Amino acid sequence: MWTWFYRLGSPKWFYGISGRWLPWFLCAAMVLLVTGSVWGLAFAPQDYQQGNSFRIIYIHVPTAFLAQSCYFIMAVCGAIGLIWKMKLSDMVAKSCAPIGASFTFLALVTGAIWGKPTWGTWWVWDARLTSMLVLLFLYLGVIALQSAISDRNQAAKASAVLSLVGLVNIPIIKYSVEWWNTLHQPASFSVVAKPTMPIEMWMPLLIMVIGLYCFFAALLVMRIRVEILEREWRTEWVKALIKKR
Amino acid sequence: MYFESLSDFIAMGGHAKYVWSSYLIALFIFILNLVLPVMARQRFFNNQSRRLRRETSARNVKIENEGHDASGS
């Protein structure tokens with residue numbers, strides 16, 4: 001078991017194996033996201049209250065989901081990097097930040113666009129929206145720390161601490177719609193409960209969520225691979241790769 | 001197909017600007033997310049291969065000069 005753990009920590013090994021995974025993640029993401037959005041846009045029935053504007057859900061919910069999962073991964077990898085000084089884990093944490101920030105931004109923007117026809121306003125200072133905005137600032141903080149500190153290990157340490165402190169925000173986002181009286185509708189997705197939507201509306205959403213997870217995996221792998229190259233440029237295997245091109 | 005016609009589909013029951021703008025922004029951000037790491041990778045390989053070439057040519061010049069000095073003395 002421990003040899004597996006050590007191998008996972010080896011950037012060279014990860015670079016090799018992830019190169020083989022990447023096309024599969026990209027293909028799966030492509031197929032699922034196209035299927036999900038065509039189904040959601042053209043075939044799903046409209047909402048009896050919100051009409052067709054509800055179709056924004058197929059972008060909004062998956063990106064909001066991923067924004068939180070990505071933060072969780074970033075914080076856990078930051079902790080692993082802090083405790084076991086695993087280099088690869090620091091690289092994963094660093095690569096998570098820009099992807100997570102873009103997904104949080106997308107969730108906020110699509111939420112605002114959806115809010116206009118549904119609530120009559122782009123923005124309200126409601127618990128769910130505000131905690132999502134805090135998440136965006138946490139991501140931006142991590143990105144700023146990473147670019148401000150030139151020593152890689154120090155930067156990784158500082159941003160790991162920030163992301164661990166910010167982890168408090170994740171349950172706040174999740175339960176904000178239950179704890180406070182908000183405009184935001186309750187969770188449309190749950191692992192335990194039966195879906196509240198009809199299956200024709202719910203299936204494309206599930207496909208979009210899985211597709212976006214694959215897309216996220218592909219993006220993360222792409223960023224980690226560049227990060228590995230930039231850190232290992234002195235090693236023989238990277239030099240061999242450069243010469244081969 | 002839920003909609004009756006293509007123009008119906010594009011109109012989105014009057015919500016066209018909200019639905020389509022969300023999907024367009026999403027598409028833009030997805031593509032940006034794909035392009036950025038590809039560009040960073042390209043940049044890395046360009047810079048590094050230039051550096052490698054420079055280093056090898058500098059080493060060759062040095063070897064040549066040393067050879068010249070040896071024969072001259």
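Please treat every number below as a calculation from the coordinates, not as lab data. For clarity, every value in this text was computed on a predicted model and none was experimentally measured. Positions of Cβ are backbone-derived with ideal geometry, glycine not excepted, and every protein chain shown enters the neighbour counts.
Could you tally the net charge around residue B:18, taking each other residue with its Cβ under 12 Å from the Cβ of residue B:18, Lys/Arg +1 and Asp/Glu -1?
So the surrounding residues net to +3.
Looking at segment A:1-92, what % of the alpha carbon pairs are farther apart than 20 Å?
Of the Cα pairs, 59 percent sit more than 20 Å apart.
Anything over 24 Å Cα to Cα? Flag those among A:12/A:239; A:85/A:174; A:12/A:94, in the order listed.
A:85/A:174
Among A:221, B:61, A:124, which comes first, second and so on when ranked by fewest other beta-carbon atoms within 10 Å?
B:61, A:124, A:221
Can you tell me the length gained on complete extension of the stretch residue A:150 to residue A:123, counting 0.36 nm per residue apart and subtracting the Cα distance?
6.0 nm
Determine, from the Cβ-Cβ distance of residue A:206 and residue B:55 and an R0 of 51 Å, the FRET efficiency 1/(1 + (r/R0)^6), rounded to the nearest 0.05.
0.45
With +1 assigned to the C-beta of every Lys and Arg and -1 to the C-beta of every Asp and Glu, and no other charges, what is the dipole magnitude of the protein assembly as shown about the Cα centre in debye, to the nearest 20?
Using only the charged Cβ atoms, the result is roughly 1260 debye.
Calculate one ³J(HN,Hα) per residue across segment A:238-245 by plugging θ = phi - 60° into the Karplus curve 6.51 cos²θ - 1.76 cosθ + 1.60, and present them in order as whole Hz with x for glycine and proline.
6, 4, 4, 4, 5, 5, 5, 7
Relative to the longest principal Cα axis of chain A, at what angle does helix A:152-166 sit, 0 to 90 degrees, rounded to 10?
30
Please tell me the relative contact order of chain A in percent, rounded to the nearest whole number, where contacts are Cα pairs under 8 Å and at least six residues apart.
32
Projected onto the charge dipole of the protein assembly as shown (+1 at Lys/Arg Cβ, -1 at Asp/Glu Cβ, origin at the Cα centre), which of A:142, A:121, A:109 gives the Cα projection farthest towards the positive end?
A:142
Would you mind giving the average projected area, over all directions, of the Cα convex hull of chain A in nm² with one decimal?
15.5
Per residue of chain A, what 222 nm ellipticity follows from adding -39500 (n - 2.57) for every DSSP H run with n ≥ 4, rounded to the nearest 500?
Roughly -26500 deg cm²/dmol at 222 nm, from the helical runs in chain A.
Quick one: dipole size for segment A:84-193, taken about the Cα centre, charges +1 on Lys/Arg Cβ and -1 on Asp/Glu Cβ, in debye to the nearest 20.
It comes to approximately 280 debye.
Kirkwood hydrodynamic radius for chain B: how many Å is it when counted over pairs of different Cα atoms?
17.9
Straight-line reach only, C-alpha to C-alpha below 13 angstrom: list the aspartates and glutamates that residue A:157 could link to, leaving out same-chain residues fewer than 8 apart.
Residue A:157 reaches A:90.
Given the alpha-carbon gyration tensor of segment A:116-245, what are the semi-axes of its equivalent ellipsoid in whole angstrom, ordered largest first, with each equal to the square root of 5 times an eigenvalue?
Equivalent ellipsoid of segment A:116-245: 38, 22, 13 Å, largest first.
Quick one: helix B:16-72 against the long Cα principal axis of chain B, what's the angle to the nearest 10°, folded into 0 to 90?
10
Pull up all non-local amide H partners of residue A:47: gap of 5 or more, or a different chain, and H-to-H distance under 5 Å with H placed in the peptide plane.
Amide H neighbours of residue A:47: A:54.
Evaluate the Debye formula for segment A:98-182 with equal point scatterers sitting on the alpha carbons, no solvent, and hand back log10 of I(q)/I(0) at q = 0.13 Å⁻¹, in q order, two decimals.
The computed values of log10 I(q)/I(0) come out as -0.49.
Between helix A:127-148 and chain A, what is the angle of the helix's C-alpha long axis to the longest principal axis, kept within 0 to 90° and rounded to the nearest 10?
Value to nearest ten degrees: 20.
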